[in-house]
Amino acid sequence: MDDHPLEPGEDATTFFQPRAEVFVTMLWVCAAVWFLCRVLSLLVQLLLGDRPTIGELVRVAESLLIVPVVVAALVLLVAWNRLGWMKSSVHGLEFAATGRRGVRLPWASIAAVGLRRWGPFTELVVTPTDMAEVSELPGPGRRPRVLRRESGSAFLIDVGMMSPGPETLLAELHRRIPSRV
């Protein structure tokens, strides 16, 4: 995957999304959405004058325990080998958003990096100096996520659940990006 094999003295840092953390986050998101859907359906039923029976309430409770687990597991299985990652080495930066093909950029070709949003939805924004310097890595997945702005195009990578964390990831990038004075 790398045109420049790392020598024993070279340092490389890899950031990745732990599958367990992705599963737990998906579980909570699915549980919250499913809970709201079930509560709304019960409210509609009450507004229509139909009181739910104990059997219906038990089925709702059962579905709240089962459906989010099944949906979160299916999402994780679909994305199993396609979770986002980032590799920082002396040769440059390689990264891929979840379900997307990877990108390689030499350090000199990175104009800016920054974070946007918060929590598990945090995204890294990588702005290249020139899109001609971007190398798209071969492999499965859709094209890399590109944010089109007046100031130029930038890549988006979901880093909210990456280990060791978005702030550590940003510090690593700022350590390696050459300063432009």
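The values are calculated or read from the model by the stated rules, or taken from the named source; none is laboratory data. As the structure is a prediction and not an experimental result, all values here were calculated from the model. Ideal geometry is used to build each Cβ from the backbone, glycine not excepted, and the neighbour counts take in all protein chains shown.
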Exercise for the section: Please work out if PRO140 is assigned to a loop (DSSP other than H, G, I, E, B), farther than 30 Å from TRP34 by Cα and modelled with pLDDT under 85. Expected result: yes
Practice task
Would you point out the residue of region 144-162, among those that are touching a helix residue (DSSP H, G or I) at 6+ places or on another chain (Cβ under 7 Å) and part of a loop (DSSP other than H, G, I, E, B), that is nearest to VAL126 (Cα to Cα)?
Solution key: VAL159
Practice task
Name the residue, out of VAL33, VAL69, VAL60, VAL29, that is under 16 Å from GLY160 (Cα atoms) and surrounded by 11 or more Cβ atoms within 10 Å (Cβ to Cβ).
Solution key: VAL29
Problem - Of all residues in region 50-89 being in contact (Cβ under 8 Å) with a residue 12 or more places away in the chain, assigned to a loop (DSSP other than H, G, I, E, B) and touching a helix residue (DSSP H, G or I) at 6+ places or on another chain (Cβ under 8 Å), the one that is nearest to PRO144 (Cα to Cα) - result: LEU83
Practice task
For residues that are part of a strand (DSSP E or B) and either within 12 Å of the chain's Cα centre (by Cα) or at positive phi (or both), tally how many sit in region 115-124.
Solution key: 2
Exercise for the section: Search region 114-164 for residues being more than 21 Å from GLN17 (Cβ to Cβ) and free of Cβ contacts under 8 Å to residues at least 12 places away in the same chain, and hand back the single one that is surrounded by the most Cβ atoms within 10 Å (Cβ to Cβ). Expected result: ARG149
Exercise for the section: Working carefully through the options THR13, THR98, find the one that is surrounded by 11 or more Cβ atoms within 10 Å (Cβ to Cβ), β-branched (Val, Ile, Thr), assigned to a loop (DSSP other than H, G, I, E, B) and at negative phi. Expected result: THR98
Exercise for the section: Can you run down the residue pairs with Cβ atoms below 8 Å, 6 or more apart or on separate chains, where the first is in region 17-40 and under 19 Å from ARG100 (Cα atoms) and the partner is acidic (Asp, Glu)? Expected result: GLN17/ASP158
Practice task
Determine, yes or no, whether VAL71 is aliphatic (A, V, I, L, M), over 27 Å from ASP11 (Cα atoms) and out of contact with any Leu (no Cβ under 6 Å at 6 or more places or on another chain).
Solution key: yes
Fill in the blank from the handout: Residue count, region 125-137, condition farther than 11 Å from PHE155 by Cα and part of a strand (DSSP E or B), comes to 2
